[in-house]
1. Could you tell me the accessible area of Asp91 in Å² (1.4 Å probe, neighbours in place), rounded to the nearest ten?
2. Tell me the per residue accessible area of the range 6-164 using a 1.4 Å probe; a whole number in Å² is fine.
3. Using a 1.4 Å probe on the protein chains only, how many percent of the accessible area of the range 6-127 belongs to carbon and sulfur?
4. Calculate the FRET efficiency for Glu83 and Asp122 from the Cβ-Cβ distance with a Förster distance of 41 Å, rounded to the nearest 0.05.
5. Modelled label-to-label distance, Met112 and Asn7, 7 Å Cα→beta-carbon offset: nm?
6. Does the range 60-196 come out rounded, prolate or oblate, given a ≥ b ≥ c as the square roots of the eigenvalues of its C-alpha gyration tensor, rounded meaning a/c under 1.5 and, failing that, prolate meaning a/b above b/c?
7. From Cα pairs below 8 angstrom and at least 6 apart in sequence, can you work out the relative contact order of the range 1-134, rounded to a whole percent?
8. What order, most packed first, do the peptides 113-120, 18-25 have when packing is the mean number of other Cβ atoms within 10 Å of each residue?
Amino acid sequence: LNVSTTNINSWTEVEKLRKFPGLIDLRIQGCPILDEYTAHEKRMMLIARLPNVKVLNGGDQITTTEREDSERAFIRHFLDKPEIQRPSRFDELVDVHGLLDPLVNIDLSPDMNIKVRIYHKDECREESISVMQSVKQFKQLLQGYFNVAPANMRLWYYDQEMTKIAGPEEMKFANKELYTYNVIDGDYFVVDEKAQLRVLTGSPRANSMVFGSPSPTGYSSCNAKSGSNLNCGTSPNSSFSKS
């Protein structure tokens, strides 16, 4: 369901969407009720209020961890409000998580700028990037670094810990915000180019077609050299080869 840019101006209207248990994929952006919040706060408020929604504004499914974090942040958001101003959802979540103590002088928002490494072929760049941008915007930034068009780009995210267990994650969803990947200082990205599949000469479609290339191998530092056998800590059942 897409209710973006509609004139929804109260949380009561938003919470009516809970009446549809089959509604699991929702797009809601550009509505008056969301104007006063940051991108991080908008996502937190929506996830906490809509337990039936599993995919919010595109991207992959909301994880159990993100939902729990959002619900706890929602409770703390209303702790200092008079009871009459607290939504009914507040009491529902207190029954689940308890009446949490406030986090005094702690900023719950993610770090805005993160120091990461970015690899493409034999080139490595160390950059400070904003996590308050979408994958689409990040690819446009990378185009300026490596002269690879976003349409011909495959982008891989290497979490320093999770990569050891499950390998890198391909960043496929253009509208997903970088902060939702929980990027931290020291993580890195690999820019790959989609291979060109050549069609036989004389074919009605003699032009090359874009075809996916294999996942890249992980790197250990900006001094990694082409052709080195590099260990990114992937699982034994995963195989990643650098284009």
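The values are calculated or read from the model by the stated rules, or taken from the named source; none is laboratory data. Bear in mind the structure is a predicted one, so any value in this text is a computation, not a measurement. For neighbour counting, all protein chains shown are included, and Cβ atoms are generated from backbone atoms with ideal geometry for every residue, glycine included. SASA here: full protein model, heavy atoms, side chains in, ligands and nucleic acids out. Shrake-Rupley method; radii C 1.70, N 1.55, O 1.52, S 1.80 Å.
1. Surface accessible to solvent at Asp91 totals approximately 90 Å².
2. Solvent-accessible surface per residue comes out at 56 Å².
3. Carbon and sulfur atoms account for 48 percent of the accessible area of the range 6-127.
4. My answer for the efficiency is 0.10.
5. 3.4 nm
6. It comes out prolate by the Cα gyration axes.
7. Relative contact order of the range 1-134: 17 percent.
8. For the peptides 113-120, 18-25, the packing ranking is 113-120, 18-25.
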